[in-house]
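So the structure is just underneath, and the comments pick up after that.
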Amino acid sequence: MLAGAMLPALNIVAQTPSASEWGGPVVDCHHHLRRDPESNVAHLDGAGMSNAMVLARENSADAMKELEAKYPGRFLGWFASADITKPTAEELITKAVKQGAIGIGELKSHVEAAGPELKRMYALAAELNVPVLVHFQEVPHTPTEGTFSTGWKNFEAVLKANPRTKFIGHADAFWANVSADYANESAYPSGPIKPGGITDKLLSDYANLFGDLAANSGDNALARDPGFTPGFLKRHEDKLIFGSDCSCTDGKGGGISQAGNPGASRLAGKCVARETLKLLKANASPAAFKKFTWENAHRVYKLKA
Ligand SMILES: [Zn+2]
Ligand SMILES: [Zn+2]
């Protein structure tokens, strides 16, 4: 009886973002919606993360409402994606933003980064005053996968032409280009980074460009050259936003982490969230860690709470 009477109070405690094993609240800003509400929270809890910002679909408003009602305070917002090769994309994304989405993305289609489909989305993001998160990938992970938002090396013209658009860079080509010698030779280059990479330069030069630290691509860029990482994180401490893009089930590497992506086998059996949080802890000051895992996202994405 006594235990039953105490349950509601315990639930409230468990759902309040608080100091975690990472020394404070952590919001995973690259959390894709999972098959049921419980699976979403299982990943957060298992990796010691207090909150998530969800990368969902244009029709996810109801699912997000259900999630937010079931786990009050854990989900701080959502982005809406759509098939941007369809003429209805603009209308569907506009509707999602009116229903509460706080950003557009992630956008991952077989198009050019400066092509008409994405250009429409960059303009829409400025018009709706929400950020847009794009997956840039020049090297297919499998023979049939194809490429996404190609042409990152020439993206400066887009940044210049869209000063009111907040761009969030993500994925293989964005992160491989922290090194000046990257020539699309592999999805996840390893070894020493040659200073002066286009991504490093654009993050420094353009106030409207931010970086999403998620996925094997982000983790790999921070892990491959220990001499590079602290300086890079320091240079861009107000521009980088932590996320996991992890597909493990339990926040500890269980399930099918990195399935279907042999190039990312370095993280097989591991939780991407945990691995990247460890790298950020080891290579940045506590104040910068807080920016990556909490403050930058609150400012740039205008998260709840
Ligand atoms: Zn992606
Ligand atoms: Zn995980």
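The values are calculated or read from the model by the stated rules, or taken from the named source; none is laboratory data. Note that this is a predicted model, so its numbers are computed, not measured. Glycine also receives a Cβ, built like all others from the backbone with ideal geometry; neighbour counts cover every protein chain displayed. Ligands, DNA and RNA are stripped out before the accessible areas are found, and what is left, the full protein with its side chains, is counted by its heavy atoms. Shrake-Rupley method; radii C 1.70, N 1.55, O 1.52, S 1.80 Å.
In table form, for the structure just shown:
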{"quantity": "Summed side-chain charge close to residue 100 - residues other than residue 100 whose Cβ falls under 11 Å, Lys, Arg +1, Asp, Glu -1", "calculated": "+2"}
{"quantity": "Within region 235-273, backbone nitrogen closer than 17 Å to the virtual label 7 Å beyond the Cα of residue 35 toward Cβ", "calculated": "247-251, 254-260"}
{"quantity": "Residue among 220, 261, 208 with the largest mean-square fluctuation in a Gaussian network model of the chain, springs linking Cα atoms under 10 Å", "calculated": "261"}
{"quantity": "Over the chain, equivalent-ellipsoid semi-axes from the Cα gyration tensor in Å", "calculated": "30, 23, 18"}
{"quantity": "Accessible carbon and sulfur surface of the chain relative to its total accessible area, %, 1.4 Å", "calculated": "58"}
{"quantity": "Net length gained if the chain between residue 45 and residue 235 were fully extended (0.36 nm per residue, minus Cα distance)", "calculated": "65.3 nm"}
{"quantity": "For the chain, calculated [θ]222 nm from helices alone, where every DSSP H run of n ≥ 4 adds -39500 (n - 2.57)", "calculated": "-10500 deg cm²/dmol"}
{"quantity": "For region 165-305: rounded, prolate or oblate by the Cα gyration tensor [a/c cutoff 1.5]", "calculated": "oblate"}
{"quantity": "Amide H contacts of residue 57 (H built 1.01 Å from N, under 5 Å, at least 5 apart or other chain)", "calculated": "81"}
{"quantity": "Lysines with Cα under 17 Å of residue 290, excluding same-chain neighbours fewer than 8 positions away", "calculated": "234, 239, 278, 281, 302, 304"}
{"quantity": "Charge-dipole axis of the chain as Lys and Arg at +1 and Asp and Glu at -1 on Cβ define it, positive-most pick from 189, 206, 262", "calculated": "206"}
{"quantity": "Distance in nm between pseudo-label sites at residue 305 and residue 281 (7 Å out along the Cβ direction from Cα)", "calculated": "2.1"}
{"quantity": "Max mean-square fluctuation residue, GNM over the chain, Cα-Cα springs under 10 Å, options 114, 282, 176", "calculated": "282"}
{"quantity": "Lysine pair count for region 24-112 [Cα-Cα under 21 Å; pairs on different chains or 8 or more apart]", "calculated": "6"}
{"quantity": "Gap separating the Cα centres of region 147-165 and region 35-114, nearest whole Å", "calculated": "23"}
{"quantity": "Percentage relative contact order, the chain, counting C-alpha pairs under 8 Å, at least six apart", "calculated": "16"}
{"quantity": "Inter-probe distance in nm under a simple model that places probes 7 Å from Cα toward Cβ, at residue 164 and residue 204", "calculated": "3.0"}
{"quantity": "Net dipole in debye of the chain [+1 Lys, Arg Cβ; -1 Asp, Glu Cβ; about Cα centre; nearest 20]", "calculated": "620"}
{"quantity": "Mean Cα-pair separation over length for region 164-305, i.e. relative contact order, pairs under 8 Å, 6 or more apart, %", "calculated": "21"}
{"quantity": "The chain: antiparallel DSSP beta bridges as a percent of all, rounded to 5", "calculated": "10"}
{"quantity": "Nearest 10 degrees, 0 to 90: helix 37-46 Cα axis against the chain principal axis", "calculated": "80"}
{"quantity": "Residues of region 170-304: accessible area per residue with a 1.4 Å probe, Å²", "calculated": "37"}
{"quantity": "Within region 200-305: Cβ-based charge dipole about Cα centre, in debye rounded to nearest 20 (Lys, Arg +1; Asp, Glu -1)", "calculated": "260"}
{"quantity": "Considering only region 53-171, percent of DSSP beta bridges that pair antiparallel, nearest 5", "calculated": "5"}
{"quantity": "Residue among 82, 54, 301 farthest towards the positive dipole end of the chain, charges placed on Cβ", "calculated": "301"}
{"quantity": "Shape category assigned to region 95-169 from the gyration tensor of Cα positions, a/c cut at 1.5", "calculated": "oblate"}
{"quantity": "Residues with amide H under 5 Å from that of residue 113, placed H, sequence gap 5 or more", "calculated": "150, 151"}
{"quantity": "Antiparallel bridge percentage (DSSP; both residues within region 96-243; nearest 5)", "calculated": "10"}
{"quantity": "The chain: angle of helix 272-283 to the longest principal axis, Cα-based, in degrees nearest 10", "calculated": "70"}
{"quantity": "Residue 86-residue 126 FRET efficiency (beta carbon distance; Förster radius 25 Å; 0.05 resolution)", "calculated": "0.75"}
